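The values are calculated or read from the model by the stated rules, or taken from the named source; none is laboratory data. Just so we're clear, the structure is a prediction, and the values are computed from it rather than from any experiment. Neighbour counts run over all protein chains shown; Cβ positions are idealised from the backbone, glycine included.
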Amino acid sequence: MKGQRNIILALVFALLVALFSIANIQNVEVNYIVGYFETPLVIVILGSVTLGALIVFFVGGWKFVKMRNYTKKLQIEVEQLRSSLPNDEVATTIQNVTNENNEKPLS
């Protein structure tokens, strides 16, 4: 359900950007440090939105990869700790940690 909501919001945002872009079709002068060129404002708006979306995509993807690698590292550590304990101690240790976490007040 959350994925569908995100897709709908993305489509609504894309529609608003498209409508805003179409409403601004006059030519503008884009000035860079080394020069300038003239182009329709719709191209500038859509290019800016696309560039911003790509930046967000790559930054989010980078954080996702880092988080996935950290999760794998923690899973390996948990398996190593489980293999070092006798089987009856694993359940007791997990229960003790769970109880400690539940007793701590939220700050």
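Overview of results
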item: Pairs where the first residue, in the range 38-53, is at positive phi and surrounded by 14 or more Cβ atoms within 10 Å (Cβ to Cβ) and the second is at pLDDT below 85 and assigned to a helix (DSSP H, G or I), C-beta under 6 Å, 6+ apart; result: none
item: Test: residue in the range 18-29 that is touching a helix residue (DSSP H, G or I) at 6+ places or on another chain (Cβ under 6 Å), part of a helix (DSSP H, G or I) and surrounded by 12 or more Cβ atoms within 10 Å (Cβ to Cβ); result: yes
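Yes or no, residue by residue, for (1) of a type outside the set (S, T, N, Q); (2) under 21 Å from the mean Cα position of the chain (by Cα):
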{"position": "9", "(1), (2)": "yes, yes"}
{"position": "24", "(1), (2)": "no, no"}
{"position": "41", "(1), (2)": "yes, no"}
{"position": "65", "(1), (2)": "yes, yes"}
